[in-house]
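Below you'll find the structure, written out as structure tokens, and then a few comments.
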Amino acid sequence: MGRRVAITGFGQTHHSARRWDVNGLELIQEAVSRALEDAELSLEDIDAVVIGNMDHFEGINYVDTWSVEGAGAFMKPILKVTTGGTTGTTIAIAGYYHVASGLFDNVLAIGWEKNSESDTTGAIITCSDPIWDRFSYSGAIPSLAVEASAYMKRYGVTEKDAARVTVRDRANAVNNPYAHLRKAVTIEEVMSSPMLTEPIKLLDICPRSDGAAAVIFSSEDKATRICRCPAWIQAVSVRHDTTWFGDIDYTRLVSLESAAREAFKIAGIREPLKEFDVCELYLPYSFAGLKWMESIGFCGPGEAPRLVWDGQTDMGGSLPVNPSGGVLSTNCIGATGLLRVGEAALQIMGRADKRQVEGARLAMVTGFGGCFWSDVLVLGAEKP
């Protein structure tokens with residue numbers, strides 16, 4: 001087992017549909033500056049950098065080279081990571097391993113995206129096999145619609161059940177000054193929003209945001225000096241599923257089931273619904289806020305709607321989910337998972353302001369992307 005590692009700093013940009021005031025380099029620098037300020041560190045204190053985004057979305061490659069001035073990586077080791085929608089959480093896990101290895105004491109992990117300059121659907125379509133998959137896999141929304149339809153048919157879940165997830169996360173985003181969408185919505189507004197691909201409607205799906213995030217990972221001896229209450233990494237797990245969309249079991253998220261089980265075993269979690277204080281889950285659309293909670297093990301198959309309607313995942317409930325507003329409120333893809341990690345760290349540190357869950361000591365983070373891949377991280381106030 002490597003060294004103990006903690007998160008000691010977090011910075012994020014203000015997110016919006018179009019950040020015309022900055023280019024990619026400046027967007028990255030904005031998040032980096034805020035992370036360094038949060039940890040009260042300078043670039044001289046950073047030993048290495050991990051950075052990533054969905055570079056084929058913007059069509060601008062080699063972010064690890066052209067971003068050096070904004071990332072603060074001049075004459076430092078820098079590693080580029082890109083794993084689809086899981087990029088942000090994979091960046092975090094790579095940053096963790098950089099420090100746990102003993103090679104570095106302070107590592108800066110950076111995720112970013114300028115979706116206003118990208119063609120998300122065009123890029124995602126070309127990732128599927130042109131013979132076997134592309135005729136039916138026409139982008140992110142249709143593939144998620146297939147999953148939602150299979151889940152609804154298997155367990156009798158309704159579109160209104162999913163709408164309740166959107167209502168929860170969008171209400172939480174009102175308290176997050178950095179969120180892209182900061183307007184609460186009602187069940188009726190979700191249900192009457194334009195249909196995109198049945199059963200997914202406009203307010204069931206995440207926005208496309210411009211933004212960046214930066215998280216600082218520190219070794220044990222550094223962390224206790226830098227931060228009064230660091231967020232310690234208790235466990236991490238990564239699972240990448242098949243690249244053939246036709247082979248995926250859409251009635252369950254196998255990769256999340258496997259990643260969660262491994263992370264829980266490492267962290268000693270036996271009853272996740274009772275033991276976690278807060279969760280930042282990567283939910284790119286509303287139905288994921290039901291089915292994927294079942295894959296984690298918060299409840300049995302088909303039982304998630306009851307948890308949501310009963311208010312157990314609301315602020316003030318037994319397990320608040322996405323106090324930040326989550327992906328349904330902000331989605332700068334390369335940074336999206338890293339935002340989940342940073343927001344969970346703020347909860348453990350007790351510095352989440354109006355979105356703080358009182359007494360949060362143990363948090364869970366998930367990442368999602370690619371061919372239904374999953375990442376899981378467990379953060380806690382206690383050293384592992």
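Tabulated results
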{"item": "Members of segment 286-309 found to be surrounded by fewer than 21 Cβ atoms within 10 Å (Cβ to Cβ) and either in contact with a His (Cβ under 6 Å, 6 or more places away or on another chain) or more than 19 Å from Glu159 (Cβ to Cβ) (or both), listed by number", "result": "Gly297, Cys299, Gly300"}
{"item": "Positions within segment 217-238 being assigned to a loop (DSSP other than H, G, I, E, B) and over 21 Å from the mean Cα position of the chain (by Cα), in sequence order", "result": "Cys227, Arg228, Cys229"}
{"item": "Residue list for segment 5-37, filter: acidic (Asp, Glu) and in contact with a Ser or Thr (Cβ under 9 Å, 6 or more places away or on another chain)", "result": "Glu30"}
{"item": "Check on Ala213, of a type in the set (A, V, I, L, M), modelled with pLDDT of 95 or more, buried (at least 17 other Cβ atoms within 10 Å of the Cβ) and closer than 29 Å to Glu37 by Cα", "result": "yes"}
{"item": "Selection within segment 1-18 - within 16 Å of Leu108 (Cα to Cα), aliphatic (A, V, I, L, M) and over 17 Å from the mean Cα position of the chain (by Cα)", "result": "Val5, Ala6"}
{"item": "Only listed residue being farther than 19 Å from Arg154 by Cα and touching a residue at least 12 places away in the same chain (Cβ under 8 Å), chosen from Leu273, Leu253", "result": "Leu273"}
{"item": "Members of segment 1-55 that are under 18 Å from Glu343 (Cα atoms) and among the basic types (Lys, Arg)", "result": "Arg34"}
{"item": "Close pairs (8 angstrom Cβ cut-off, 6 or more residues apart or separate chains): over 21 Å from Trp373 (Cα atoms) in segment 140-167, surrounded by fewer than 18 Cβ atoms within 10 Å (Cβ to Cβ) and at pLDDT below 95 anywhere", "result": "Arg154/Thr251"}
{"item": "Residue check for Gly52: surrounded by 14 or more Cβ atoms within 10 Å (Cβ to Cβ), small (Gly, Ala, Ser) and under 30 Å from Arg225 (Cβ atoms)", "result": "yes"}
{"item": "Residue identified as of a type in the set (A, V, I, L, M, F, W, C) and part of a helix (DSSP H, G or I) among Ala171, Ala184, Ala214", "result": "Ala171"}
{"item": "Residues of segment 1-33 classified as free of Cβ contacts under 8 Å to residues at least 12 places away in the same chain and surrounded by 23 or more Cβ atoms within 10 Å (Cβ to Cβ), total", "result": "0"}
{"item": "Residue check for Arg154: in a helix (DSSP H, G or I) and surrounded by fewer than 20 Cβ atoms within 10 Å (Cβ to Cβ)", "result": "yes"}
{"item": "Sole residue being touching a residue at least 60 places away in the same chain (Cβ under 8 Å) and of a type outside the set (Asp, Glu), chosen from Leu307, Leu362", "result": "Leu362"}
{"item": "Some residue of segment 230-239 being surrounded by fewer than 16 Cβ atoms within 10 Å (Cβ to Cβ), over 27 Å from Arg168 (Cβ atoms) and either among the β-branched types (Val, Ile, Thr) or out of contact with any Pro (no Cβ under 9 Å at 6 or more places or on another chain) (or both)", "result": "no"}
{"item": "Failed criterion for Leu196 (all others in (1) more than 28 Å from Ser255 (Cα to Cα); (2) part of a strand (DSSP E or B); (3) not basic (Lys, Arg) hold)", "result": "(1)"}
{"item": "From the options Glu303, Glu280, residue that is acidic (Asp, Glu), under 23 Å from Asp38 (Cα atoms) and modelled with pLDDT of 95 or more", "result": "Glu280"}
{"item": "Matching residues, segment 194-220, being out of contact with any Ser or Thr (no Cβ under 9 Å at 6 or more places or on another chain) and either without any contact (Cβ under 8 Å) to a residue 40 or more places away in the chain or of a type in the set (Gly, Ala, Ser) (or both)", "result": "Pro194, Met195, Ser219"}
{"item": "Hey, Ala109 part of a helix (DSSP H, G or I) and within 22 Å of the chain's Cα centre (by Cα) or not", "result": "no"}
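Yes/no per residue for (1) hydrophobic (A, V, I, L, M, F, W, C); (2) surrounded by 24 or more Cβ atoms within 10 Å (Cβ to Cβ); (3) in contact (Cβ under 8 Å) with a residue 12 or more places away in the chain:
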residue	(1), (2), (3)
Gly311	no, no, no
Val321	yes, yes, yes
Thr336	no, yes, yes
Met349	yes, no, yes
Gly369	no, yes, yes
Val378	yes, yes, yes
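The values are calculated or read from the model by the stated rules, or taken from the named source; none is laboratory data. Remember, it's a predicted structure, so these values are computed and weren't measured experimentally. Methodologically, a virtual Cβ is constructed for each residue, glycine included, from the backbone with ideal geometry; neighbour enumeration extends over all protein chains shown.
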